[in-house]
């Protein structure tokens, strides 16, 4: 019941904040958003399961009741967590609270609606990471888009309408492609499944019970469905060349929304790829290893090169997300315990670090009202603490040891070098590692020009130290990044236990 | 009380009490006229609206009770036939009556504010209730004669209601257009009924079905069936008899648009379902009278045309009118995906359930328009700019309606469409589902324009919203909560609908 309580409390908090007066909304939202944080941390502390939820492992905090029966397939309300989803639940709650606090300065109109929508999105995100029935999961998955659309469209920058529509259309079409692909699979499974519960479908697929559907034989159907589902999720991740909505959305979105977009929403894509494509259809994934690993490497290198070419700090961080998500895909396709486990860990690490970077950019923007690299220099002179945390976060991004980013990327590289799915995997890994060099290049270059050197700033804004409630979330994120970097086993142990069943049996 | 105990009571009373929902609606209409007669000078709007709402809610409650208790359903001995089989009360008629009564209740509650500064209020309420009575009878009509009569009973008050704003050119023009097309299609329907009667020698649906197998005069029968289909296409605003709908919905008072596009449309489907499934069963009809093909064409053309026409509108009310035509196309899948001997109850039930969800979300959307008209805001998308900043709660409700109509997952409309398309695929008509899904995806374009205008655009003109009309707000919020609750609560709805639909075959 703890999961239902978590989701219900967040929904209620959204409702309360939505009708609260604007003046009180910010503090109220922050206070209420602590409740899910406490709940999720309690879940983490009380977690005592092992194995993969989809492949017959223990499911923690499980609820499974029939929601409705229509046309031979039951739809269930089926929620629960395992070692893959629990860290993401914790990430969601923590990052939402920090994002809410970081919104206190920049958001100054229609506050109650803003914070209400953020909490509404959090509730749906929790649903995405805990639902184990395809239908319930899909409802939450799509429900995340609605608040996001408003958050970008109402509180965004000058070009917000275009960005919001682009985000909405891209992700909705992607969902439709994915939905059709997945439902075709369910029809192909025929009578071997009686419900849309993901474990049932995953186990039936891995047991090879797929039949033909709509004139396709089983093998073709599986490949076609895999590609459709992969494309659907790849838009969300996003991987090149499906990433073009991301920079627009990030640049226009207000900073706290960017934090959630990069920190949690992108993880929906990689989480779903892991749960659906890589867990349910490992045979197709390994057969398609060359194109998938190729896309991963292209995302890493191309995303980093794009970041290198940007002048807008927010665009730099946005494109670097494309690059980081490429590593995650590479780790997933490696099919080793460190590869897949590292990819999952990297989701958390990137959530913290990209959140930190976006927030730091936002804090600078709050006082300078510009994000252009060329417009300012020597900011460290006036905002030493912010600049310091910015630098630390950037080193985390580059993979400085003892920070979470290092752990994630190291696991991924270790796993993908050792991968046996294809003889060229070490080559792909080596190519992807060059991405780190480019990351270091653009981050150092950008910091050197904006933060250091003599202070100069063209506009007449008074550039002073940021208020405490702007810096505090940054400090918390930095602390968490270091903690996870020093002790990755806080999450990595449970992740590995959940990942290992994916790698054994079922066509590998 | 357990359902069994409740059912026992209904067995001990006379069979005609099974018609209580329709009778209650009719009596309420008469009572409203009585109130108007007793206080001819100043019938209080609150009293009138209260009586109308109480009557429709009571009828709703009785219908729900019957449905739960199993009146006319398999658990208590099957359908109750009355008056020489002219009327029949079964699960399907009760299910549809549930839709009519809840929509009527919402409409009269909303009309309380809408009619604030109009005269002839008693006439408005009583005509609405009489039309609802006609619909409730339509759902029970088991003979082509009662089909025709009840259809007229539902239509005649509707003509008057559409033209209710006597001094408004649009309203009068809409009423005239609606009436003329209605008269023509009634004539077509009556002619079709006479042709079927000529071939089969009976008007009772069951007897028609029994006599239909004889191959002689199959051509006349086919023509008759086609003309009857035309009559129903008018009532459900399906292509090619949809021309009245945009004008009538746009010109009519907005609560009446809600009433016509939700309840009246559902009534058309109720009688079409019963007549085609029971009088012309696919197993029995001669080869040339394969009406399923006609419905397939109608479904595809109706949903496509409705959607594309809706996408080009600048007026929100007119956009909703065309979207309502599009939704008639989805509901037609219930008849278009039938096969001889197939699992027909599933897809027909899914269509019924979709009509119920549609009853909430579409009524709500039109009532929001009524609210906006009440405030004196314009009717185009631009006029809606920035509404959310002045009326956030109502705007949230409208957002729910729009996204639900578009079939976005977190709302009831998604689930009902999903089950409908899924049942169509199961019946073997995956292409019908595909056309429906593509149309549904396209519809997000024009529905989201309303949302975008309300929330994201900045207002073009300053407008002041001073009033928070209680009745309109109640109705809109009720519809919104209903649309939301039909997501988690869709289970019993779809199970009931599919069970009662299966008994028709």
Point to revise | Candidates A:75, A:15, filtered to the one that is under 22 Å from residue A:271 (Cβ atoms) and in contact (Cβ under 8 Å) with a residue 24 or more places away in the chain | key: A:75
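Report yes if residue B:326 is surrounded by 24 or more Cβ atoms within 10 Å (Cβ to Cβ), touching a residue at least 60 places away in the same chain (Cβ under 8 Å) and assigned to a helix (DSSP H, G or I), otherwise no.
yes
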Review point. Which residues, counting only those in the stretch B:383-394, are farther than 18 Å from residue B:319 by Cα, part of a loop (DSSP other than H, G, I, E, B) and more than 11 Å from every other protein chain (Cβ to nearest Cβ)?
Key: B:391
Practice item. Give B:321, B:353, B:331, B:311 a once-over and let me know the one that is over 26 Å from residue B:274 (Cβ atoms) and at pLDDT 90 or above. Key: B:321
Study note, to complete from the structure: Within the stretch A:120-150, restricting to residues that are in contact (Cβ under 8 Å) with a residue 60 or more places away in the chain and within 11 Å of chain B (Cβ to nearest Cβ), the one that is nearest to residue A:93 (Cα to Cα) is A:123
Practice item. Could you tell me whether residue A:474 is over 22 Å from residue A:282 (Cα atoms), within 23 Å of the chain's Cα centre (by Cα) and not in a helix (DSSP H, G or I)? Key: no
Point to revise | Unique residue being within 30 Å of residue A:73 (Cβ to Cβ), within 12 Å of another protein chain (Cβ to nearest Cβ) and in contact with a strand residue (DSSP E or B) (Cβ under 9 Å, 6 or more places away or on another chain) when the list is B:440, B:423 | key: B:423
Check your understanding: Which of the residues that make up the stretch B:474-505 are within 14 Å of another protein chain (Cβ to nearest Cβ) and either surrounded by fewer than 19 Cβ atoms within 10 Å (Cβ to Cβ) or out of contact with any helix residue (DSSP H, G or I) (no Cβ under 7 Å at 6 or more places or on another chain) (or both)?
Key -> B:477, B:481, B:484, B:485, B:488, B:489, B:491, B:492, B:495, B:499, B:502
**Study point:** Filter result for the condition that a residue is more than 29 Å from residue A:254 (Cβ to Cβ), under 23 Å from the mean Cα position of the chain (by Cα), within 12 Å of chain B (Cβ to nearest Cβ) and touching a residue at least 40 places away in the same chain (Cβ under 8 Å), over A:186, A:177, A:229
**Key:** A:177
Practice item. Would you mind finding the one in A:194, A:255 that is in contact with a helix residue (DSSP H, G or I) (Cβ under 8 Å, 6 or more places away or on another chain) and over 30 Å from residue A:363 (Cβ atoms)? Key: A:194
Revision key, fill the gap. All conditions in (1) at pLDDT below 85; (2) surrounded by fewer than 20 Cβ atoms within 10 Å (Cβ to Cβ); (3) touching a helix residue (DSSP H, G or I) at 6+ places or on another chain (Cβ under 9 Å) are true of residue B:213 except (3)
Check your understanding: Within the stretch B:395-407, is there a residue that is surrounded by fewer than 21 Cβ atoms within 10 Å (Cβ to Cβ) and within 12 Å of another protein chain (Cβ to nearest Cβ)?
Key -> yes
Exercise for review: Among the residues of the stretch A:151-172, write down those that are assigned to a helix (DSSP H, G or I) and either touching a residue at least 40 places away in the same chain (Cβ under 8 Å) or more than 10 Å from chain B (Cβ to nearest Cβ) (or both).
Suggested key: A:151, A:152, A:154, A:155, A:160, A:162, A:163, A:164, A:166, A:167, A:170, A:171
Review point. Quick check: is even one residue across the stretch A:66-87 in a helix (DSSP H, G or I), farther than 30 Å from residue B:422 by Cα and either at pLDDT 90 or above or within 14 Å of chain B (Cβ to nearest Cβ) (or both)?
Key: yes
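The values are calculated or read from the model by the stated rules, or taken from the named source; none is laboratory data. Just so it is clear, the model here is predicted, and its values are computed rather than measured. A quick note on method: Cβ atoms are made from the backbone with ideal geometry, for glycine too, and the neighbour counts reach across all protein chains shown.
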